[in-house]
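The values are calculated or read from the model by the stated rules, or taken from the named source; none is laboratory data. Model, not experiment: these values are computed from the prediction. Cβ placement follows ideal geometry from the backbone for every residue including glycine, while neighbour counts extend to all protein chains displayed.
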Amino acid sequence: MTPQELLKQIRLVEIHTRKLVNQLFSGEYHSVFKGRGMSFSEVREYQYGDDIRNIDWNVSARFDYSKRFEKLFVKIFEEERELSVLLLVDASKSSNFGTNLQFKNELATEICGALGFSAIKNNDKVGLILFSDEIEKVILPKKGKPHIFRILRELLTFEPKNKGTNISKVLEYVSAMIKKKTILFILSDFIDTDFEKPLRIAKNKHDVIAVRIVDKLEESIPKAGLLQLRDSETGQMRLVDTSQKNFQLKFASQFLKHQEILNNIFKKNKVDVITVKTGESYYKPLQQFFKAREKRMAI
Amino acid sequence: MFENYNFANPLFLILLLVVPIIVYWFFFYKKNKVTAIDYPTLKNLEVIPLTLREKIKNLPNILRILVILFAILALARPQSKIKSEVVKTEGIDIILAIDISASMLAEDLKPNRIEAAKKVGQQFVTQRMNDRIGLVVFSGESFTQCPLTIDYNILQNSIQNIKHGVVEDGTAIGLGIANSINRLKESKSKSKVIILLTDGVNNRGEIDPLTAAEIALQFGIKIYTVATGTFGTAPYPIETPFGKQYQMVPVEIDEKTLRQVSNRTGGKFYRATKYSELKNIYSEIDKLEKTKINVRSYTRHKDLFYFPLSLCLVFLFLELTISQTYLKRIP
């Protein structure tokens, strides 16, 4: 990829996500990811509906009585927004797959762009960890739009050294390294299932959101005779007779089984899951996620 | 079993060395290098059982190897050998003319002249092959005991049946020769031979031996003359009321005429005084009158290349159809 092409690609991601960031996620992102504490920012005149506990009696008392009418002032607090968002992106070979308009890693890049720009807009820090069965690349959280561009460039050009997927390894790494509470987005196809314990540990400290990226050909394989398939992670070969009786049923049930295992893990650890499909709009799943979370936080 | 088969171009069999390499290529080297669709994970497919089509997925490769194998075999051009010998012989015609006059009963040759002649004649017949042999006997008259034949069994019997005193006594050598000539004159064989066995002087018949020799010459017939009888006297059995008695009878042989007869016709004259001599004479004649035998042996090769070739084509066709239909893979 030449620098011009790369720039164009990054630009494209920015344009694609700008609308979402500016109009749809602006409020939602802000309200969903709250800061750690509240800090005083100013006082203003009491209005109907304000919490009486927030009335600043000192300020109210010092107000000029000569004007012969009383005014109350309330303290306004603003949440402390020094949040950081860490995007854990699966760079294993299996993400290099897609049959519907885009590859899984391309979709992951766009989602990263949307989340990153939203975070920057809210003055949050954004970092990136690329992983396969090893930690491939770490970009520490930082503020600023140029930093997002760097992350995007990394996502677009990175060539992983390893093929497999090991989610527990990256979760252990993050738990050990990041001390401050962070919002963790795990963007992966979750082929791995053996990561429950590290997930629990990470969840205790951080806010973990799983973004599962699937392709429609992973859900079902159409009737196409003999297919020569290669496991892109292990290199294992398999000739599959997709025309055999009940193949589609068997395969779909196997996929659902895997999905159920994953959902159980996430549910048990109260991790939110966003499932996005290649070639389909990721706006809706994200929107749903934000809505659901907002509702939960309001209670 | 395979000694009757060989390869016309066995050098092509060196190509068979390629076969293990191809086997290695198909089953080990290329095993993980076939074009395939990269798929995120095959874990979900593990529980799906293998069908027949997946189990025989290597069939096209096996067929390809067989195609190559049989193509090489066909190139080497297998042949079956059929060895055959053609014996081409030109037989000659021989008449054995045997004197059966009373003098032949003399016992100077053991057991007597006629028996010795019969025995030697029979032996002579067994030595010959592909010749037509006839038998003429003569004494005062002459008749044909057996015409020219290649049926040696009959001939042997005929020789066995020769007896003294069937016809009028005497020695008509000329008639014997003439009768023999009569038997041979129609013959179309290249060489015509009369072996005349006698023990006396021509004293009967209308034809002089020399005249008969002239006729023989006209017909291109060779006459070997064999005179039997010792020099001097020979014991001759005479039946008397007192039993068999021997009388010494002088041996009269017209050697001069016999010699002339044989010389005139390109034959040879022999004199046998003993049985062993007679035997030697006949074997000498046997050698002299050797028939030409051309033995041409040749090997007929029958090409069998179409056999492996057709197998090769069948497998090729099977491979092409199966790999494009039943075992067609994507990609």
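Descriptive notes on the structure:
Let's see how each residue does on (1) away from every other protein chain (no Cβ under 14 Å); (2) closer than 30 Å to residue B:141 by Cβ:
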| site | (1), (2) |
| --- | --- |
| B:59 | no, no |
| B:63 | yes, no |
| B:76 | yes, no |
| B:80 | yes, no |
| B:83 | yes, no |
| B:100 | yes, yes |
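- A Cβ distance below 8 Å, combined with a sequence gap of six or more or placement on separate chains, defines the contacts here; from the range A:95-123, residues that are within 14 Å of chain B (Cβ to nearest Cβ) and crowded, with 24+ Cβ neighbours inside 10 Å reach residues that are part of a strand (DSSP E or B) and of a type in the set (Gly, Ala, Ser) in the pairs A:95/A:188.
- From the list A:277, A:250, A:270, A:284, the one residue that fits, being within 14 Å of another protein chain (Cβ to nearest Cβ) and surrounded by fewer than 17 Cβ atoms within 10 Å (Cβ to Cβ), is A:250.
- Contacts under 7 angstrom Cβ, first residue in the range B:62-78 being on the phi > 0 side of the Ramachandran plot, partner charged (D, E, K, R), 6 or more apart: B:77/B:303
- Answer from A:74, A:59 - the residue that is without any contact (Cβ under 8 Å) to a residue 24 or more places away in the chain and more than 34 Å from the chain's Cα centre (by Cα): A:59
- Those residues of the range A:187-202 which are assigned to a strand (DSSP E or B) and either within 14 Å of chain B (Cβ to nearest Cβ) or free of Cβ contacts under 8 Å to residues at least 24 places away in the same chain (or both), in sequence order: A:188
- Top-ranked residue in the range B:100-122 [being among the polar types (S, T, N, Q) and outside any loop (DSSP other than H, G, I, E, B); ranked as farthest from residue B:231 (Cα to Cα)]: B:122
- Residue B:83 meets the conditions (1) part of a strand (DSSP E or B); (2) of a type outside the set (Gly, Ala, Ser); (3) in contact with a Gly (Cβ under 9 Å, 6 or more places away or on another chain) in every case but one. The failed one is (3).
- Just one of the listed residues (B:155, B:109) is more than 26 Å from residue B:246 (Cα to Cα), crowded, with 19+ Cβ neighbours inside 10 Å and touching a helix residue (DSSP H, G or I) at 6+ places or on another chain (Cβ under 8 Å), and it is B:155.
- Odd one out for residue A:262, checked against (1) over 18 Å from residue A:186 (Cβ atoms); (2) within 14 Å of another protein chain (Cβ to nearest Cβ): (1)
- Criterion applied to A:47, A:4 was being part of a loop (DSSP other than H, G, I, E, B) and modelled with pLDDT of 85 or more, and the one residue passing it is A:47.
- Filter pass, residue B:11 being surrounded by fewer than 16 Cβ atoms within 10 Å (Cβ to Cβ), modelled with pLDDT of 90 or more, on the phi < 0 side of the Ramachandran plot and not assigned by TED's automatic domain parsing to the domain that holds residue B:285: yes
- Here residue B:189 fulfils each of the conditions (1) surrounded by 18 or more Cβ atoms within 10 Å (Cβ to Cβ); (2) in contact with a strand residue (DSSP E or B) (Cβ under 6 Å, 6 or more places away or on another chain); (3) small (Gly, Ala, Ser) apart from (1).
- Considering only residues in the range B:190-225 that are within 17 Å of residue B:135 (Cα to Cα) and polar (S, T, N, Q), the one that is nearest to the chain's Cα centre (by Cα) turns out to be B:191.
- The set of residues in the range A:74-93 being of a type in the set (S, T, N, Q) and more than 14 Å from chain B (Cβ to nearest Cβ) consists of A:84 alone.
- Residue A:280 vs. criteria in contact (Cβ under 8 Å) with a residue 24 or more places away in the chain, under 24 Å from the mean Cα position of the chain (by Cα) and outside any loop (DSSP other than H, G, I, E, B): no
- Residue within the range A:53-66 that is outside any helix (DSSP H, G or I) and at pLDDT below 80 present: yes
- Of the residues making up the range B:25-57, those that are more than 25 Å from residue A:97 (Cα to Cα) and more than 10 Å from chain A (Cβ to nearest Cβ) are B:25, B:26, B:27, B:28, B:29, B:56.
- Among helices (runs of 4 or more DSSP H) entirely within the range B:226-326, having at least 1 residues that are more than 30 Å from residue B:53 (Cα to Cα), modelled with pLDDT of 85 or more and under 28 Å from the mean Cα position of the chain (by Cα) singles out B:275-288.
- Test: residue in the range A:216-233 that is among the β-branched types (Val, Ile, Thr), more than 14 Å from chain B (Cβ to nearest Cβ) and either free of Cβ contacts under 8 Å to residues at least 40 places away in the same chain or touching a strand residue (DSSP E or B) at 6+ places or on another chain (Cβ under 9 Å) (or both): no
- Among residues of the range B:158-183 being closer than 26 Å to residue B:210 by Cβ and of a type in the set (D, E, K, R), the one that is surrounded by the most Cβ atoms within 10 Å (Cβ to Cβ) is B:183.
- Boolean, residue A:184 is within 27 Å of residue A:270 (Cα to Cα), assigned by TED's automatic domain parsing to the domain that holds residue A:233 and not in a loop (DSSP other than H, G, I, E, B): yes
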